[in-house]
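Right, one structure below, let's go through it.
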Amino acid sequence: MFEGVGPDVDLDTAVGAAQGGDEHAFRVVYRAVQPQLLQYVRSLVGPVDAEDVASEAWLQIARDLPNFRGDGGSIRGWAARIARNRALDHIRARSRRPVSGAGVDELVQLPDRADTAGEALDAVATDRALAAIAALPREQAEAVLLRVVMGLDSTSAARVLGKRAGSVRMATHRGLRRLAEILELEEDGQPADVTFSAAEAP
């Protein structure tokens, strides 16, 4: 019943079955959530440690899943909150910056400036775009990652970050606006200025 994952996977059913111990269902949940979760973790801890941190998160997800109170629509937010906590623990242990880029020297090259923010959204899954996001202030970077990469709504993202939904919407808006500016500068062949005003500082 749960062999393979397609675009129309029924996560509600898969989550319920996985909570009851169905290993095939758990694999469906894993395959549906892991790609975005790994990108999110990678943006927090960098590419070298991302797999290890994501694995730690999945160990906790598997352990705590029987007590999860939600459905397929909320599993990504719950998993993101666990992964974020594991990432922050890892960062504290290594005394690393919360958002470390993976090659911020190279940003996405966009062919048309007509809708740079829209193009940035489309390109956000690429390594170069993730590196550009890492150059944003932490609050903006996490908001963009949760809303765009993880696909969470503002309420779910706010729960992950422990903030109000309005604050997350504002941080996402500012982050996407700044990301568009960075991408336009790079497209024009200018060095991206990643300094921020006091109002935008993390």
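The values are calculated or read from the model by the stated rules, or taken from the named source; none is laboratory data. Keep in mind that what you see is a predicted model, and the values were worked out from it rather than measured. Methodologically, a virtual Cβ is constructed for each residue, glycine included, from the backbone with ideal geometry; neighbour enumeration extends over all protein chains shown. All accessible areas refer to the heavy atoms of the entire protein, side chains included, with ligands and DNA or RNA removed. Shrake-Rupley method; radii C 1.70, N 1.55, O 1.52, S 1.80 Å.
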**By accessible area with a 1.4 Å probe, ligands and nucleic acids excluded, highest first: order of D49, D12** = D12, D49
**Prompt:** Which cross-chain or sequence-distant (5 or more) residues have an amide H under 5 Å from the amide H of M150, H modelled 1.01 Å from N in plane?
**Reply:** none
**Complete:** Once E184 and D10 are pulled to full extension, the length gained, defined as 0.36 nm per residue separation minus their Cα-Cα distance, is 58.7 nm
**Complete:** Along segment 53-59, Karplus-curve 3J(HN,Hα) (6.51, -1.76, 1.60; θ = phi - 60°) to the nearest Hz, with x for Gly and Pro, reads 5, 4, 5, 4, 4, 5, 4
**Asked** How far is it, in nm, from the label point at D71 to the one at Q19 when both lie 7 Å from their Cα along the line to the Cβ?
**Response** 1.2 nm
